[in-house]
1. Hey, MET86 hits all of (1) of a type in the set (A, V, I, L, M); (2) over 15 Å from the mean Cα position of the chain (by Cα); (3) modelled with pLDDT under 95 but one; which does it fall short on?
2. Among the residues of the stretch 261-271, are any free of Cβ contacts under 8 Å to residues at least 24 places away in the same chain and either crowded, with 23+ Cβ neighbours inside 10 Å or farther than 30 Å from ILE128 by Cα (or both)?
3. Is at least one residue of the stretch 50-66 at pLDDT below 85 and either under 27 Å from the mean Cα position of the chain (by Cα) or not in a strand (DSSP E or B) (or both)?
4. Identify the residue in the stretch 29-49 that is part of a strand (DSSP E or B) and of a type outside the set (A, V, I, L, M, F, W, C) and, among all such residues, is farthest from ALA161 (Cα to Cα).
5. Taking the stretch 170-191 only, how many residues are more than 23 Å from PRO87 (Cβ to Cβ) and either surrounded by 20 or more Cβ atoms within 10 Å (Cβ to Cβ) or not polar (S, T, N, Q) (or both)?
6. Look at SER223 and say whether it is surrounded by 16 or more Cβ atoms within 10 Å (Cβ to Cβ) and either β-branched (Val, Ile, Thr) or part of a loop (DSSP other than H, G, I, E, B) (or both).
7. For the stretch 107-119, which residues satisfy the criterion of being assigned to a loop (DSSP other than H, G, I, E, B) and touching a strand residue (DSSP E or B) at 6+ places or on another chain (Cβ under 8 Å)?
Amino acid sequence: MMKLTRLALLSALAVASLPALADSVVTVYSADGLHDGNNSWYQTEFDAFTKATGIKVQYVESGGGAIVERLSKERTNPQADVLVTMPPFIQRAASEKLLAEFKPDAAAQIPGATARYAPLVNNYLSFIYNDKALKATPTSWHDLLDSRFKSKLQYSTPGQAGDGTAVMLQTFHSFGGKDAGFDYLGKLQANNVGPSASTGKLTALVNKGELHVANGDLQMNLSQMAQNPNVKIFWPADAKGERSALELPYAIGLVQGGPQTENGKKLINFLLAKEAQNSVSALSWGMPVRSDVTPTDANYQAAKTAMNGVKTWSPNWDDVASSLQADIGRWHKVTDSE
């Protein structure tokens, strides 16, 4: 009888402890890039957050569009508390009410913050090439059509990867409109290896020489270059000789109906606080989004130097989001990748 009573007591204590264990977790769904390397900004800040609050971070990573698609499929039973992705996918998540209304503590210091999401890390579209394999560095969009890049060029898939979608948008900008942009992408397909849901995986292929050119983003590519010494960054020039880069910030939002909403709010505020924002360049080569934070580390200066002579630009992301599905459909047609 005593054994049964003791077992019943232990079982009751175990069940009672489950909510406490669940309450000490926050789940993040994120686009790739900020977790690269052994001392990444994400890992450093997640560890600091756990130390400060006792809340452990569960991390799930995928392409910028794919991670929103996963969130959408889980709409009736959300598994994430926080979403981090890039435009236009963050706008899609907001418009589909996958994100809850939440104003971070630092909203007043963050240009571009909205009722459902805020920029987290500033970033820009970039391209990479293997400087050991190529005798001549590509300098223009026209160069990338050369037959020497046949089966040696790849960019991530628009609609699945944020950086891949950015390539499509950049061609619209560089060629003066959608018709000319799609015409170019149709021609470029002769050299394109094929689809890739994740941009981050392309860097190692360029470093090994399996690819000679790929797309990327400045933060991710700079953080990967130490382990990929053959990789260099460039921005192709348009017909007027102008090099430009689409502004492509990581953005963060609170998931609607997430299992641990309060923990999600705490993590968002933690990542947008001055201390965390001041370290993003030093740890992961990103640029802070707070107007009151200007890092002094070497990585920040190197990133600024890399973009000398490159003009940054940003579209109306709400317009991009509203026409995205039609544009993705047209991209599949012009590249014969349906």
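The values are calculated or read from the model by the stated rules, or taken from the named source; none is laboratory data. The shown structure was predicted, so the numbers you read here are calculated from the model rather than taken from an experiment. Backbone-built Cβ (ideal geometry, glycine too); neighbour counts: all protein chains shown.
1. (2)
2. Going through the stretch 261-271, the residues free of Cβ contacts under 8 Å to residues at least 24 places away in the same chain turn out to be 262.
Then keep just the ones that are either crowded, with 23+ Cβ neighbours inside 10 Å or farther than 30 Å from ILE128 by Cα (or both); that gives 262.
Among the residues of the stretch 261-271, at least one is free of Cβ contacts under 8 Å to residues at least 24 places away in the same chain and either crowded, with 23+ Cβ neighbours inside 10 Å or farther than 30 Å from ILE128 by Cα (or both), which makes the answer yes.
3. The initial filter retains those residues of the stretch 50-66 that are at pLDDT below 85, namely 63.
Adding the requirement that they be either under 27 Å from the mean Cα position of the chain (by Cα) or not in a strand (DSSP E or B) (or both) leaves 63.
The answer is yes, given that some residue of the stretch 50-66 is at pLDDT below 85 and either under 27 Å from the mean Cα position of the chain (by Cα) or not in a strand (DSSP E or B) (or both).
4. In the first step, residues of the stretch 29-49 are kept if they are part of a strand (DSSP E or B); the result is 29-31.
Now restrict to residues that are of a type outside the set (A, V, I, L, M, F, W, C): 29-30.
Details: TYR29: 14, SER30: 12 Å.
Among those residues, the one meeting the criterion is TYR29.
5. 4
6. Numbers: surrounded by 16 or more Cβ atoms within 10 Å (Cβ to Cβ): yes; either β-branched (Val, Ile, Thr) or part of a loop (DSSP other than H, G, I, E, B) (or both): no.
Criteria not met by SER223.
7. ILE110, PRO111, GLY112, ALA113, ARG116, TYR117
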